């Protein structure tokens, strides 16, 4: 059961990284303000967050397959579920924005980013207690994710206030940070698993 759980965690981490990358590309297209790029960018943002939610869900299921020997491991599992829930909120908010739901979509999107940021912070706290040789790398990746998603939320608040161009640039910056953090996290989990073999 433990190997199965670890395989789900690694698979989910890489899927999350791919989703974060897709969302970052979408956010970049939106920030470029070219004709038709906002629709394509918005669709990529929604798709990327759906992929991320899938990856986070796989990680949460994988964590639940591992023996939970401490409270910090439970906190990590809660964190992955929070991230998945935040991604789902981003999908809903992004979809509403695409269909003309404007402010409501932005509010849901901000909420999704806040939930994701909290989830990544929970995971980082959990990972900091891990005995893995790569715990520092995993913790760093999750911390970068938490901070980067918070930056995305700040960008969305700028957009909501009417400073759209700056807000879009901040969101794009945050989404690339999230992709980098997710990649570090995935690398750390992969190295930790392969070093056990």
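Roughly how tilted is helix 102-127, in degrees to the nearest 10 and between 0 and 90, from the longest Cα axis of the chain? Compared with the principal axis, the helix lies near 20 degrees.
With a Förster radius of 41 Å, plug the Cβ-Cβ distance of residue 39 and residue 70 into 1/(1 + (r/R0)^6) and report the FRET value to the nearest 0.05. Efficiency computed from Cβ-Cβ geometry: 0.30.
Quote the Stokes-Einstein diffusion coefficient, in whole µm² s⁻¹, for the range 136-197, based on the Kirkwood radius over alpha carbon pairs, a temperature of 10 °C and a viscosity of 1.306 mPa s.
Working: Rh = 12.2 Å.
So the translational diffusion coefficient is about 130 µm²/s.
Compactness of the range 70-197 is given as radius of gyration and Dmax, 15.8, 53 Å, from Cα positions. Note on the chain: GNM, Cα springs under 10 Å; of 19, 55, 100, the largest mean-square fluctuation is that of 100. Note on the chain: with a GNM built from Cα contacts shorter than 10 Å, the maximum mean-square fluctuation among 34, 152, 107 falls on 34. Between 169, 142, 16, the Gaussian network model of the chain with springs among Cα atoms under 10 angstrom shows the greatest mean-square fluctuation at 169.
One Cα centroid belongs to the range 2-69, the other to the range 106-147; the line between them spans 14 Å.
A short reminder: the numbers here are calculations on the coordinates, not readings from a lab. All figures in this text were calculated on a predicted structure; none of them were measured in a lab. Heads up, the Cβs are rebuilt from the backbone with ideal geometry, glycines too, and the neighbour counts pull from every protein chain shown.
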